[in-house]
Amino acid sequence: VALTGQRELEPEGRWRIVQFHPSYAYEDFIQGLKPDLERTELRYVRNRGPFLDVCQRAEEDPDNFHVLVIDEINRGDPARIFGELLFALEYRGQPVDLPLGGQLIVPPNLVLIGTMNSVDRSVALVDYALRRRFGFVRVDPDPDVIMAVRGEAPAGSLAAATMQGFNAWLVSRLDREHALGHSFFLNPAL
């Protein structure tokens, strides 16, 4: 929202979220062949993935930032999903040929944000080629976030204090990688 100025996720808006998972592939993210289910005979059609759509929108709207959030970037196989996008990310503005035709150009006004859970064993799958192209920012649980969202609620300050105390206990027995995030305490049902 801070980069695009849009508060809501709109189908043709300036930001989008995709989630990687173990069966997510290059063909889903960038470009692939899919069966044409509208016909009775076997036929395949070229399918544009969300990344090509976001790139096109950003290229058509160069005065605004466009953002693609990749949730759980380490849950899939990033090297396989990104393919030649790794080159295109490093050399923005330079065209890269796509296997099924066409070219990929990553515009300078496109921002990619990837989230990952550092406890997840699949973090090892995030290879160095991908690590070079992303900056890493650690986001620790923050009781101030709970207070900002739920501070007025009867249990808002209790939830913030509970998270802080429980996480101190977890860190002393395990490590900071096992602390609970503040989203656990933002549920309005609490």
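The values are calculated or read from the model by the stated rules, or taken from the named source; none is laboratory data. Since the structure is predicted, the reported quantities are computational estimates derived from the model, not experimental observations. Every residue, glycine among them, receives a Cβ derived from its backbone with ideal geometry; neighbour counts consider all protein chains shown. These area figures cover heavy atoms from the full protein model, side chains too; ligands, DNA and RNA do not enter into them. Shrake-Rupley method; radii C 1.70, N 1.55, O 1.52, S 1.80 Å.
Is the stretch 81-103 home to any residue that is under 20 Å from residue 5 (Cβ atoms) and within 18 Å of the chain's Cα centre (by Cα)? Steps first, please.
Just the residues of the stretch 81-103 that are under 20 Å from residue 5 (Cβ atoms), to begin with: none.
No.
I'd like to know if the stretch 121-128 contains one or more residues that are surrounded by fewer than 16 Cβ atoms within 10 Å (Cβ to Cβ), at pLDDT below 85 and farther than 28 Å from residue 181 by Cβ. I'd like the intermediate steps shown before the answer.
Keep residues of the stretch 121-128 that are surrounded by fewer than 16 Cβ atoms within 10 Å (Cβ to Cβ), which gives 121, 123-124, 127-128.
Adding the requirement that they be at pLDDT below 85 leaves 121, 123-124, 127-128.
Applying the additional criterion that residues be farther than 28 Å from residue 181 by Cβ yields none.
Looking for residues that are surrounded by fewer than 16 Cβ atoms within 10 Å (Cβ to Cβ), at pLDDT below 85 and farther than 28 Å from residue 181 by Cβ, one finds none in the stretch 121-128, hence no.
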The one condition residue 157 fails out of (1) more than 30 Å from residue 87 (Cα to Cα); (2) in a helix (DSSP H, G or I); (3) in contact (Cβ under 8 Å) with a residue 12 or more places away in the chain; (4) open to solvent by 40 Å² or more (accessible area, probe 1.4 Å) is (3)
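So which strands (runs of 3 or more DSSP E) stay within the stretch 1-101 end to end and still have 1 or more residues that are without any contact (Cβ under 8 Å) to a residue 24 or more places away in the chain, among the charged types (D, E, K, R) and open to solvent by less than 90 Å² (accessible area, probe 1.4 Å)? Even if it seems obvious, please write down each step before you answer.
Numbers: elements: 15-19, 31-35, 44-48, 66-71.
Where strands (runs of 3 or more DSSP E) fall fully within the stretch 1-101 and carry at least 1 residues being without any contact (Cβ under 8 Å) to a residue 24 or more places away in the chain, among the charged types (D, E, K, R) and open to solvent by less than 90 Å² (accessible area, probe 1.4 Å), they are 31-35.
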Considering 47, 117, which residue is of a type in the set (S, T, N, Q) and closer than 30 Å to residue 179 by Cβ?
117
Every residue in the stretch 160-190 that is more than 22 Å from residue 115 (Cβ to Cβ) and open to solvent by 50 Å² or more (accessible area, probe 1.4 Å), please.
161, 162, 164, 166, 168, 169, 172, 173, 188, 189, 190
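Quick one: which of 136, 166, 184 is aromatic (Phe, Trp, Tyr) and at pLDDT 90 or above?
On the way: 136 fails: at pLDDT 90 or above; 184 fails: at pLDDT 90 or above.
Only one candidate passes the filter, namely 166.
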